[in-house]
1. Please work out how much accessible surface ILE251 shows to a 1.4 Å probe, ignoring ligands, DNA and RNA, in Å² rounded to 10.
2. Between ASP29 and ALA213, take the C-beta separation as r, use R0 = 41 Å, and let me know the FRET efficiency to the nearest 0.05.
3. With no solvent and one equal point scatterer per Cα, compute the Debye intensity ratio I(q)/I(0) for region 89-184 at 0.25 Å⁻¹ and report its log10, rounded to two decimals.
4. With n ≥ 4 as the cut-off for DSSP H runs, can you work out [θ] at 222 nm for the chain, using -39500 (n - 2.57) per run divided by the number of residues, rounded to the nearest 500?
5. Let me check against my output: what whole-number percent is the relative contact order of the chain, with C-alpha pairs under 8 Å and at least 6 apart?
6. With every protein chain in place, what's the accessible area of LYS69 (1.4 Å probe, Å², nearest 10)?
7. So, with a 1.4 angstrom probe, what is the percent of accessible area on the chain that is carbon and sulfur?
8. Using Cα-only point scatterers and the Debye equation, what is log10 of I(q)/I(0) for the chain at each q in 0.07, 0.09, 0.14 Å⁻¹, rounded to two decimals?
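The values are calculated or read from the model by the stated rules, or taken from the named source; none is laboratory data. Not measured: the values here are computed from a predicted model. All Cβ positions, even for glycine, are placed from backbone atoms using ideal geometry, and neighbour counts span all protein chains on display. We work out accessible area using only protein heavy atoms, side chains counted, and drop any ligands, DNA or RNA first. Shrake-Rupley method; radii C 1.70, N 1.55, O 1.52, S 1.80 Å.
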Amino acid sequence: MDPNTSTRTAPTDPTEGAATVLDGNPVADRIHDDLGSATDSLRDSGVAPAVALVSMTDSGAGRTYVSMKEQACATVGVESTVHRIDPDRPAAALFELVADLNDDPAVHGVSVQSPLPDHVGPRAVARRIDPEKDVEGVHPENLGRLLAGTPRYTPPTAAGIVRLLDAYGIDTAGKRAVVVGRSEAVGRPTAVLLSGHGPGGDATTTVCHSRTADLAAATRSGDIVVVAAGRPGLVDGEMLSAGAVVVDVGINRVGAGDGDAAGQVAGDVDFESARRTAAAITPVPGGVGPLSVAMLLCNAVDAASRHAGVDVALP
Ligand code: NAD
């Protein structure tokens, strides 16, 4: 499985040895290169693509995500401004900021970082973002468009998962895909893409969640298993069938006192046991994460191009 070719081939035969590690970084780097050309074209047309990165959290993970997005924006020539709101402030403070960003013609995309404080519901924020600027793809209009097969902005992590599988030549058509997690930002849109028509889709897809009675039975049925539960080590090698392709979306801080930047990052899959059973597996970090950021940037450049009415080729 070579990420430098987009030719679709069967996943590696597990009898060949340890699982192929699906490194997201080279795939994301290529997308960044292409996005750099797209932003150059926009600038030649007098458009400076710009996103607002909004954060209302003290968590180390949230801060890390925002700084990764900021750095990636700089790499591809998208201007980014970080807006931090004290998590103790009322939800209205966030809603007012989002309204201001919606009204600002120099801002093409608005990304509100998860997690949010308990007193701010993610749905309440999502429906306040201008759907034309909703680069995280979480506004009900954009989720509806995705479901209808006419996407505007696909949630970046879901889009990144499909892009990563394609980059490694992993065909999804006719496969049994199992998605663990049903969040609106990750699990459900991933299931929509995998079960949709055409490339990256056509998989017979099962969605599991916290009330699934026998998770191991479900995951063992999957040729492709995507785990996005936010539970470190939830899925191990015993819960997989030989030759499965495993996509670990989880990013969990373990060994830290309060979820802060200290400690280590762990996925939702027990990597060492899973890699002995699987044909291919994403690492954490360095698997899905780089693709999530790259696809967010694609959405941001797309938003700027739509706003300006200037067509650019997107990767
Ligand atoms: P979420 O908390 O919104 O959703 C978690 C889902 O997992 C829920 O639908 C829940 O039903 C399910 N779940 C929880 N415990 C379960 C269990 N024991 N068995 C089966 N299902 C269970 O989280 P999210 O926003 O979807 O994120 C999931 C994980 O992915 C988190 O670790 C998050 O940090 C990570 N994440 C990573 C990226 C990336 O770029 N790699 C992007 C977004 C989120």
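1. Solvent-accessible area, nearest 10 Å²: 70 Å².
2. Numbers: r = 42 Å, r/R0 = 1.02.
According to the calculation, E is roughly 0.50.
3. -1.37
4. On the way: 10 runs with 118 residues, N = 315.
Per the formula, -11500 deg cm²/dmol.
5. Values: 717 pairs, mean separation 75.8, N = 315.
Relative contact order here is 24 percent.
6. Rounded to the nearest 10, the figure is 30 Å².
7. Values: 6680 of 13680 Å².
Summing carbon and sulfur atoms, their accessible area is 49 percent of the total for the chain.
8. Result of the Debye calculation: -0.26, -0.44, -1.08.
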